[in-house]
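Structure below; questions to follow.
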Amino acid sequence: MGYETGIKNSFGNVHNAVLLKQGLLLSIQQTLETASLFDIDGLLFQEKIAKEELDHAFYYQYLFWKERAKMLWFKDGDQNTAFFHVVVKGRNNFMGFIVYGLIMSLLRIKFWTFIKIFMLSLL
């Protein structure tokens with residue numbers, strides 16, 4: 001079972017739910033514009049419920065995208081992690097090589113400086 005199938009099984013089709021709730025709210029609001037004074041209380045209550053249901057649908061859609069992003073990160077994150085470790089290891093090896101070369105150069109310079117001073121002191 002792929003990650004997309006698992007998400008759909010967990011959340012259902014949240015995108016259709018959002019569209020349906022938006023359509024319901026819109027139709028209630030359009031009916032409110034032409035409703036008589038006797039029907040307004042009931043329609044306002046229906047509008048309130050439709051807004052709450054739409055908020056819930058948006059929340060589930062948010063959870064859907066959050067979970068999907070996490071799954072994509074896990075899938076692609078392994079490749080990125082491997083790349084990161086290769087780069088860091090290469091950088092560390094390269095920096096170690098440079099530092100080792102600098103230390104050896106300094107030791108050679110100090111050694112030859114010591115030899116020169118020693119030889120001059122013998123004269």
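The values are calculated or read from the model by the stated rules, or taken from the named source; none is laboratory data. Here the structure is a predicted model, which is why all the values come from computation and not from measurement. Backbone-built Cβ (ideal geometry, glycine too); neighbour counts: all protein chains shown.
Give region 17-38 a look and list any residue that's at pLDDT below 90 and loosely packed, with under 14 Cβ neighbours inside 10 Å, or say none.
Within region 17-38, GLU33, THR34, SER36, LEU37, PHE38 meet the criteria.
Another question about this same structure. Could you go through region 88-100 and let me know if any residue there is at pLDDT below 85 and closer than 18 Å to VAL18 by Cβ.
no
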